[in-house]
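Asker: I have a structure I would like to understand better, so I am pasting it below and will then ask my questions one at a time.
The values are calculated or read from the model by the stated rules, or taken from the named source; none is laboratory data. All of these numbers come straight from a predicted model, not from anything done at the bench. Note: ideal-geometry Cβ built from the backbone for every residue, glycine included; neighbour counts use all protein chains shown. Accessible surface is based on the protein model in full, side chains and every heavy atom, while ligands, DNA and RNA are left aside. Shrake-Rupley method; radii C 1.70, N 1.55, O 1.52, S 1.80 Å.
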Amino acid sequence: MRRLPVLLAAVFTVTLAAALIAHAGSARSTGFRTPDAGAACKVAGLSVVCSSLGSPGSVELRAKGGAQVVDQLPWWDASTPVLHRWHHGAISCRLAGDAILCRNRSTAIRVTAAGFSVAG
């Protein structure tokens, strides 16, 4: 009879670990980076926040309107997926050489290891 509680505890532990790993994997998929890891973006609701190693701040591009400089820094590392193409609602991003290019209907941002720029 003692085996049943031990078996249930083991099954619960394995299930919990699998759920935590799946959640961590899905959290990572909400961001992307350049191949050299010098710049990256994080999806934040209906906007994208991008930064680079060469800038003290970040730039946020919302689904509507212009971009704005923000203090929020997206976190990334070598496990963050490299961007090829990404699209969600009105925002789309693609990789162009060593730069991440994102745009909505009225504004575009370019982010590289050296910094970012905005065109409207």
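Asker: Is it the case, given these coordinates, that L101 is open to solvent by less than 80 Å² (accessible area, probe 1.4 Å), in contact with a Leu (Cβ under 7 Å, 6 or more places away or on another chain) and either modelled with pLDDT under 90 or not in a loop (DSSP other than H, G, I, E, B) (or both)?
Answerer: No, not satisfied.
Asker: Among the candidates A114, A90, single out the residue that is among the small types (G, A, S) and in contact with a strand residue (DSSP E or B) (Cβ under 8 Å, 6 or more places away or on another chain).
Answerer: Only one candidate passes the filter, namely A114.
Asker: So L95 passes all but one of these: (1) free of Cβ contacts under 8 Å to residues at least 40 places away in the same chain; (2) open to solvent by 40 Å² or more (accessible area, probe 1.4 Å); (3) part of a strand (DSSP E or B). Which condition number does it fail?
Answerer: Checking L95 against (1) free of Cβ contacts under 8 Å to residues at least 40 places away in the same chain; (2) open to solvent by 40 Å² or more (accessible area, probe 1.4 Å); (3) part of a strand (DSSP E or B), the one that fails is (1).
Asker: Could you run through region 76-92 and say how many residues are touching a residue at least 40 places away in the same chain (Cβ under 8 Å) and within 15 Å of the chain's Cα centre (by Cα)?
Answerer: Residues meeting the conditions: 11.
Asker: Just need a number here: residues in region 59-92 that are among the charged types (D, E, K, R) and either loosely packed, with under 13 Cβ neighbours inside 10 Å or assigned to a loop (DSSP other than H, G, I, E, B) (or both).
Answerer: Final tally of qualifying residues: 4.
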